[in-house]
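Step one of this worksheet: look at the structure below.
No lab work stands behind these numbers, since they all come straight from the coordinates. Computed from a predicted model, the values in this text were never measured in an experiment. Reconstructed Cβ throughout: ideal geometry from the backbone, glycine too, with neighbour counts over all protein chains shown.
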Amino acid sequence: MDSRIERLIKGEPSEREEILAEAEDDFLREVIEIIMGCKKGYYSVSQQTELKSLDQQHGGVVKRLLSKNIPFHRKEKLLRETGSSFIHKLLKPKQHRRRKDCPVPGCNSLGLLQLHNHLYQVHEYDKSKRNHWLSVARLRKAGINQDAEPCHFIPQ
Ligand SMILES: [Zn+2]
């Protein structure tokens, strides 16, 4: 991935402005593709609230950037003109797969990368049982953060 993406996320506002102003079309297209590729649940509830207020502050620009009905060259213009003030919020760094503890009572397996496989191989659960325990594990995680909430803001 282009190192400018990381600088857009972590850099100072002046750096973001400079990158977007000097960026070639291909790079802006990459940025737009990343933010449009956001899946449901990509943004946490607090981030969605933040994006909504950014959208209102900037005359609906966030929604227009994410819309499938707006041609690329118009999005490119939007990004160059106003993107530096909010692009770092849209380009959240990808989260690593979180380790999960097995939620099955009596099982002491902790920090599993593949809870799904563990439920299948160790507990030999069928699909509906696996899904049940996966959702239990997700809800427990959600007590720590709210990323499990569906995304209502991003049009699909
Ligand atoms: Zn287990």
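Starting from the Cα of Ile70, step 7 Å along the direction of its Cβ; do the same at Glu33; then give the gap between the two resulting points in nm.
In this crude spin-label approximation the distance works out to 2.0 nm.
Taking R0 as 35 Å, what FRET efficiency do you get between Leu54 and Tyr120 from their Cβ-Cβ distance, rounded to the nearest 0.05?
Numbers: r = 42 Å, r/R0 = 1.20.
Efficiency at R0 = 35 Å is approximately 0.25.
Checking the table Lys63/Lys127; Lys10/Lys68; Lys89/Lys127; Lys68/Lys129; Lys75/Lys100 against a 30 Å threshold on Cα-Cα, which pairs fail?
Lys63/Lys127; Lys89/Lys127; Lys68/Lys129; Lys75/Lys100
Would you mind computing, in nm to one decimal, how far apart the modelled labels at Asp101 and Ile9 are, each placed 7 Å from Cα along Cα→Cβ?
Going by the 7 Å Cα→Cβ label model, 2.8 nm.
Tell me which residues come under 5 Å, amide H to amide H, from Leu112 once H is placed; ignore anything under 5 positions away on its chain.
Amide H neighbours of Leu112, under 5 Å, 5+ apart: Lys100, Asp101, Cys102.
Between the DSSP loop rule and a limit of at most 12 other Cβ atoms within 10 Å, which GluC sites (Glu not before Pro) in the range 1-41 are left?
Of the GluC sites (Glu not before Pro), the ones in loops of the range 1-41 whose Cβ has at most 12 other Cβ atoms within 10 Å are Glu24.
Quick check on packing: order 116-128, 50-62 by the mean number of other C-beta atoms within 10 Å, highest mean leading.
Result, highest mean Cβ count within 10 Å first: 50-62, 116-128.
Specify whether the C-alpha gyration tensor of the range 4-141 places it in the rounded, prolate or oblate class, a ≥ b ≥ c being the square roots of the eigenvalues: rounded for a/c under 1.5, otherwise prolate if a/b is larger than b/c and oblate if not.
Taking the square roots of the gyration eigenvalues as a ≥ b ≥ c, the range 4-141 is prolate.
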